[in-house]
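Throughout, read-outs are computed from the coordinates displayed, never taken from laboratory work. Values in this document were obtained by computation on a predicted structure and should not be read as measured data. Here the Cβ positions follow ideal geometry from the backbone for every residue, glycine too, while neighbour counts run over all protein chains shown.
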Amino acid sequence: MSCQGFETIIVEVARGRLMDAATRERGLAHAETCPQCAALLAEERALSGKLRALSAAAEEEEIPARLETALLAAFRQRDAAPALKPARGVSLANRRWLLAAAALVLLTFGLSLAGWVLSSSKQESAVANSTPPEPVAATSAGTPEKFTQAKPQVAIVTPPSRPTPDAKRWKRPARLPRAGDAEPREIVTQFFPVIQGRELIPLESGQIIRVRMPRSNLIPLGIPYSQERADETIRADVLVSNDGLARAIRLVY
Amino acid sequence: MNAFETYSDETLLRLTMAGNEEAFTRLYQRLRDVVYRFARQMSGSANVAEDVTQEVFLILLRKAELYDPNRGALSTYLVQITRNEIFRRLGRDRALVSLDEDDWEEDLSPDENLIVKSDPLGNLVRNEEIESVRQAVLALPLHYREVVVLCDLEEMSYTEAAALLGCAVGTVRSRLHRARALLKERLRMSETVEHDSLRLNRASCLG
């Protein structure tokens, strides 16, 4: 084996990871006869040894137990929220019926919507034909006259690529709700009391307000957080009692 | 033996999705090490590793249905999420920097902002040599650092690392060769600096 050939396999030889035993033997035989390659191999082996020591040191590191506690709390919250529970107890046959019913509803709704759009367009064109032609309406890039008549100035100065808000409203009917439109799943922690050691009126009712606040605000509440993310914000639900006091807070992920 | 210990990761995940707390606990205990260690080695910070580990398992809870067993082991999937989280945190400031191999070939001084220094207390306690190796690994550009972490520190095969990183085995191999060359260079430099400072200290003591 040449020095060049040895250089291509030197890392694998040093790491002891070369699969082909014959190539490895040839490489080692070369290193025995070539002092430069032997020195390079010694360097690579030394590096592998240092990296192994680093790896061993990392394995000794303990993962904080609070991490498991926090995750279990999040898991319980998730399980307690009915919306997040997976559908259970629905047989395959029932599911098929449900899917078929949902498809039928969507189809009916879609057809009704299409019919409504068509009938509305006819009504509009009927209105347009019954009124005297306006030059502005004719040049307004297909914007229905009903709207351009109300704002002829706007229709003239607005470039065709940027339709007026009214035109936008007309052209884009409300999108049908889709399965993916649902709020993304979120996980909340337990509520942490905000006020402690004070005589408070027992909480009978209150309001939960969703806020976004800096992570550093968690310090006075005694909630652990990573200092490196102090400048980031976090979502939280604040439980405000009827007397206007913030009673408790929970974090939302 | 507890029945949960015999279950595969996929089974535990399925049970977790069905609301089984013990399954989730087992799954976490089984996979936390690989997630935490990868995050720790990539970031150099125990705080970041802790944060990222928490985030990764929360993502798993929220989006467990996105995992496809046909595309690889659950542990690989979690390390991929971990990698994304790490890149999001460490690499967000250089989103427009090219990751082309050639662009980094001669780069021996990567952006210092991307190096997360270890905690000072840790530096005191840990072996000096290990610490210098850690710093040298942390000084590597991210795409070199990750192959060192996966192949040399986590002892993955080139094939496993390639599957995880979504690149060719040859790319992993060449990146590892280059990364090790950079590591040797950096360690040599730090040894020289240490040697020089020792000599200076001795000289000032004698003089």
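Treat each spin label as a single point 7 Å out from the Cα along the C-beta direction, and report the A:N242 to B:A168 distance in nm.
7.2
For peptide B:47-54, how many partner chain Cβ atoms fall within 10 Å of a residue's Cβ, on average? Walk me through the intermediate numbers first.
Details: counts 5, 3, 6, 7, 5, 1, 4, 9.
Per-residue shielding by partner chains comes out at 5.
Give me the distance in nm between label points sitting 7 Å out from Cα along the Cα-to-Cβ direction at A:A42 and B:S8, one decimal.
With each label point 7 Å from Cα toward Cβ, the separation is 4.9 nm.
Taking only C-alpha pairs under 8 Å that are 6+ residues apart, what is the relative contact order of region A:3-60 in percent?
Working: 27 pairs, mean separation 21.0, N = 58.
Worked out over region A:3-60, it gives 36 percent.
Select from region B:141-172 those GluC sites (Glu not before Pro) which occupy a DSSP coil region and have at most 14 other Cβ atoms within 10 Å, ordered by residue number.
Answer by residue number: B:E155.
Taking every residue in B:153-159, how many Cβ atoms of other protein chains lie within 10 Å of its Cβ, on average? Don't skip to the end; give the middle numbers.
Values: counts 7, 2, 5, 0, 2, 3, 0.
For peptide B:153-159, the averaged partner shielding equals 3.
Separation between the B:Q29 and A:N217 pseudo-spin-labels, each 7 Å from Cα along Cα→Cβ, expressed in nm?
3.8
For A:L28 and A:E61 in one chain, what is 0.36 nm times their gap in residues minus the Cα-Cα distance, to one decimal in nm?
Numbers: separation 33, 0.36 × 33 = 11.88 nm, distance 3.61 nm.
Fully extending the segment from A:L28 to A:E61 adds 8.3 nm.
Give the average, rounded to an integer, of partner chain Cβ atoms located within 10 angstrom of each Cβ in A:6-15. All intermediate terms of the calculation are to be shown ahead of the outcome.
Values: counts 0, 1, 2, 0, 2, 8, 4, 0, 1, 5.
Mean shielding count: 2.
May I ask for the Rg/Rh ratio of region A:3-60, computed from Cα atoms with Rh as the Kirkwood radius, given to two decimals? Display every interim value, and only then the final one.
Values: Rg = 12.6 Å, Rh = 11.9 Å.
Over the Cα atoms of region A:3-60, Rg/Rh equals 1.05.
Sequence-distant or interchain residues sharing an amide H contact under 5 Å with A:A248, placed H: which?
Under 5 Å from the amide H of A:A248 lie the amide H atoms of A:V194, A:L239, each far enough along the sequence or on another chain.
Relative contact order for region B:1-93: what percent, with Cα pairs under 8 Å and sequence separation of 6 or more? Provide the component values of the computation, followed by the final result.
Details: 64 pairs, mean separation 25.6, N = 93.
Across region B:1-93, relative contact order equals 28 percent.
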